[in-house]
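Asks: If you scroll down you'll find the structure; I have some questions about it.
Any read-out appearing in this document is the output of simple, stated calculations on the displayed coordinates, not a laboratory observation. Here the structure is a predicted model, which means the values were calculated and not measured. Cβ sites come from the backbone with ideal geometry, for glycine too, and all protein chains shown count toward neighbours.
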Amino acid sequence: MEKLLLIVNPQAGQRKACRHLADIIDIFNRSGYAVITHITSCAGDGEQAIIRYAEETGLVVCCGGDGTFTETISGVLKSGKNIPIGYIPCGSTNDYASTLNLSTDLVHAAYDIVSGRNIILDVGTFNGRYFSYAASFGMFTKTSYSTPQEMKNIMGRAAYILNSAQELSQIKTYRVRVELDNGQIIEDDFIFGAISNSTRLGGVLNFSSGTVDMSDGLFEVLLARKPKDRNEVVECIQAMRRKTYQCAMVTFVKASRMTIVAPENMDWTLDGEKAHGERNITIECLNKAFQLRCRSI
C-alpha cells in the first residue's frame, strides 16, 4: 500500500478536523493508502514531519487552514521530493481553497483527493520564506493574526472585517518603494499592499476569477494610497466593487519578482500568519512549483 502522510491542525477553524478524522482516514484506507497521521502541536511541526517522512510518502494531505497548508507546501519543497499535496480546508476563511473551488465539507474533500488528479501551481517566496497565496501589509493586515481564534471560529470571515473596524479611525501610511522585474518603480505612501495569487484575501479583497491564474508565474500586486476626501473614498469603494481596482488611490499590476524597500517596523502577513518586517524584501513567484491533488477545476 502506498503511504499517505496526513497533517492535521486540531485548532483550525471550528476544530472540525478531529471530529471527522476517523471518516477521513477510512476513505484513504479504502482507496489503498496506509495513513500516517501527524497532529500538529506548534508552528513548524507539520513541516518537520513532512521532511522526516518524505522518503516513504507518496501523498501528503493537509487538514487545516491556509497557514497549515502553506507549512505543508514548505515541508514538501524543503524535502526535495516532488510529492503531490492534497488539501482538506477547515480554516476560518479558506481563501486559497475558495479560489480553487475546493470543498469545505471535510469528507467530500477527502473523496475529491482520492478521485482527483494533479495540477501544478505557483508558490511565492518572501526573503526565502514560502507563502502559498498572499503577502500583505498595512490596513486590515494585522487583523488576520490579531483577531482572537475563538472569534474566528464563531464568525469566520466576518470576524476579520468587524475586528478591523477599530483601525478605520487611525489609518496609517507607510513609505514603500517597489521595483518590479520589468524595471518599473512604484514609490509612495501606502495604507495597504498585497502581493497575491488568489481571488480572495481575508474578506477584504475579491478579484474576479478571470484576473487570477494560479500557474502563470505572476502575482497580482495591489497598492492602495490614503484617500484625500470623501469623494475619493467613494471612488475607491466603487473600483473594488467593480473588481477593476483602477482609480487614483490604487495601483494594480502583475509581476513575477519584485524588490521592496519598506520600514523595518512595518509588519506583514503571509497567508494570514504574522511576519516581521524587514528593510529590504525580495518577493518572487516560483512558477509551477508543486503538485496539488484535487478534483478537476
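Asks: I'd like to know which of 126, 51, 100 lies farthest towards the positive end of the charge dipole of the chain, counting +1 on Cβ of Lys and Arg and -1 on Cβ of Asp and Glu.
Replies: After comparing all options, I get 100.
Asks: Running Debye on the chain with equal point scatterers at the Cα sites and no solvent, what base-10 log of I(q)/I(0) appears at q = 0.07, 0.11 Å⁻¹?
Replies: -0.26, -0.64
Asks: For a protection proxy built on the mean count of beta-carbon atoms within 10 angstrom, sort 43-55, 85-97 highest first, please. Walk me through the intermediate numbers first.
Replies: Values: 43-55: 17.6, 85-97: 25.8.
With the highest mean Cβ count within 10 Å placed first, the list reads 85-97, 43-55.
Asks: Can you pick out the pairs among 226/288; 78/254; 16/254 whose Cα atoms lie more than 29 Å from each other?
Replies: Beyond 29 Å: 226/288; 16/254.
Asks: Where the centroid of each part is defined by its Cα atoms, how far is the stretch 48-70 from the stretch 266-297 in Å?
Replies: After rounding, the separation between the Cα centres reads 17 Å.
Asks: If you don't mind, another one. With a sphere of radius 13 Å drawn around the Cβ of residue 10, what net charge do the other residues whose Cβ falls strictly inside it have (Lys, Arg +1; Asp, Glu -1)?
Replies: Numbers: positive: 15, 16, 19; negative: 45.
In short, +2.
Asks: Oh, and also: Considering amide H positions built from the backbone, and no H for Pro or chain starts, which residues 5 or more places from residue 192, or on another chain, come under 5 Å of its amide H?
Replies: Result for residue 192 returns 139, 224.
Asks: To the nearest 10 degrees, how steeply does helix 230-242 sit against the main Cα axis of the chain, on a 0 to 90 scale?
Replies: 30
Asks: Follow-up. May I ask you to order 281-292, 173-184 by the average number of other C-beta atoms within 10 Å around their residues, highest value first?
Replies: Most protected by this proxy first, the peptides run 281-292, 173-184.
Asks: Would you work out the Kirkwood radius for the stretch 173-292? I mean one over the mean of 1/r across all pairs of different Cα atoms, in Å.
Replies: Kirkwood radius, the stretch 173-292: 15.2 Å.
Asks: With the crude spin-label approximation of a point 7 Å out along Cα→Cβ, what separation in nm comes out for residue 36 versus residue 108?
Replies: If labels sit at residue 36 and residue 108, their model points lie 3.2 nm apart.
Asks: For the Cα atoms of the chain, what angle does the longest principal axis make with the long axis of helix 16-30, in degrees from 0 to 90, nearest 10?
Replies: 50
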